[in-house]
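Down below is the structure, laid out as C-alpha cells.
Bear in mind these aren't lab numbers, they're just calculated from the coordinates by the rules spelled out. Here the structure is a predicted model, which is why all the values come from computation and not from measurement. Neighbour counts run over all protein chains shown; Cβ positions are idealised from the backbone, glycine included.
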Amino acid sequence: TSENTVLVTYTDPSGNESECEAVVTVLDVTPPTAVCNDITISLDSTGNYTLTTADSSDIVDGTFDACTWTYTLDTVSFNCSDVGVNVVTVVYTDPSDNTSTCTLDVTVTDTIAPVIVCQDTVISLDQDGEASITAEELVLSALDACGIDTMIISQTDYDCGDIGANTRIINVTDVNGN
C-alpha cells in the first residue's frame, strides 16, 4: 500500500482554475502467480539432503508477481525415511501480504551403494567332507546410511573338490536396492 498526494487542477472553458489536493492510495491486491516444479534429488553418503539455492530456483521457476515476492517451503531437508515421492508446499508472499500456494513432488533417491570390507577365513571340512559358510562370516563390515538389506555369497557349501583358496563374490544390497 502506498499513499501519494497529488495536486488536481481544473480549468473551465473560460480559463478559470481551481486546485485541490487528493490522496491516491495504490493497493496491490493481486497475489503472485504460483508455479511449483517437481524435482528429483539424491541423498548423500550420510543419507541426508538439504535443498540448495539452485534447487529452490528450479522449484519456483515461472512464478510471477508484478511487484516482488518471497517464498517459503514447508520441507527443505530429507533423509533415508523420505526415499520416494514427497509432497512439498510452497507459499509465495508479495510485499502487500498477498499469498498464493502450490505443491510439488520432491522425489528422493538413494543411489549410494553400501561399503563393504571382506575378510579371509579358513573353514574345515567335517567327517563327511563338507563345510558351509555364510556371507556374514566373510564380511568384516557392511555400511550404508540407509541400512543393509541383504548379503548373499556366491557359494555357501564346500566339499573335497574345493580344497585350497577359493575366491567368492559377496553381493551386499541396501534397503533401497543399491
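Tell me the net charge near ASN178. Cut-off is 12 Å between Cβ atoms, ASN178 excluded, with +1 for each Lys or Arg and -1 for each Asp or Glu.
Every neighbour counted, the sum reads -4.
Would you work out which of ASN79, GLY129, SER96 lies farthest towards the positive end of the dipole of region 23-136? Charges go on Cβ: Lys and Arg +1, Asp and Glu -1.
SER96
Quick check on packing: order 85-94, 12-21 by the mean number of other C-beta atoms within 10 Å, highest mean leading. Before the final figure, lay out each step's value.
On the way: 85-94: 16.2, 12-21: 7.5.
Highest mean packing first, the order is 85-94, 12-21.
Describe numerically, in nm with one decimal, the distance between label points set 7 Å from Cα along Cα→Cβ at ASP58 and at SER154.
Each label point is offset 7 Å from its Cα along the Cβ direction, giving 3.7 nm.
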